[in-house]
Amino acid sequence: MELILSGPTGRIGSATLRYCLDSPSVTSLVVLSRRPLPFEAELSPSQRSKLQTVIMTREDYLTYPPHIMDQLQGAEGCIWALGSKTSASKEVEIDYPVKAATAFKTHLMPQLKAQGKKFRFAFVSGFLLKESWATEKLWFFADYRKAKVGRRSSLYTRSG
């Protein structure tokens, strides 16, 4: 199975990257990253042979131009781990994953559907979020927690 992974340099993303590279069921892993992987030299030759790193700019995350989408062809799923522990940026927390899900739905799903396959989008940020946080007064990390709720809600409603 060919997969896409976003956010490979974070805590969850880097653990997910190593798991995917060690898994025999993952034949290819394309990582979308804002910067080069600092631990790539530590990977074994077999792990490196599965890995393709695509350095993404702010504009790439918002538009998914053809030169990016060409590198993602054949992927059957995406594990979205891009985010920040402290960022309340609407762009990073909401716009990036929604644009990704929309681009994947438009450009990757039709080819898979023709082959009788489905595209999977695993959103791994936001575990144990409460929808009520969007309107409640929160005492700590309020902007960050509200952004996470907004991001998850946006994915459910916009990428459908």
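Consider I12 carefully, then state whether it is at negative phi and assigned to a helix (DSSP H, G or I). So I12 fits the description; yes.
Condition check ((1) out of contact with any helix residue (DSSP H, G or I) (no Cβ under 8 Å at 6 or more places or on another chain); (2) of a type in the set (S, T, N, Q); (3) part of a loop (DSSP other than H, G, I, E, B); (4) open to solvent by 20 Å² or more (accessible area, probe 1.4 Å)) across all residues:
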| position | (1), (2), (3), (4) |
| --- | --- |
| P24 | yes, no, yes, yes |
| L29 | no, no, no, no |
| E59 | yes, no, no, yes |
| M69 | no, no, no, no |
| C78 | no, no, no, no |
| E93 | no, no, no, no |
| Y96 | no, no, no, no |
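The values are calculated or read from the model by the stated rules, or taken from the named source; none is laboratory data. Note that the structure is a prediction, hence the values are computed from the model and not measured. Glycine gets a Cβ as well: all are built from the backbone with ideal geometry, and neighbour counts include every protein chain shown. To get the accessible areas, we keep the full protein, side chains included, count just its heavy atoms, and leave off ligands, DNA and RNA. Shrake-Rupley method; radii C 1.70, N 1.55, O 1.52, S 1.80 Å.
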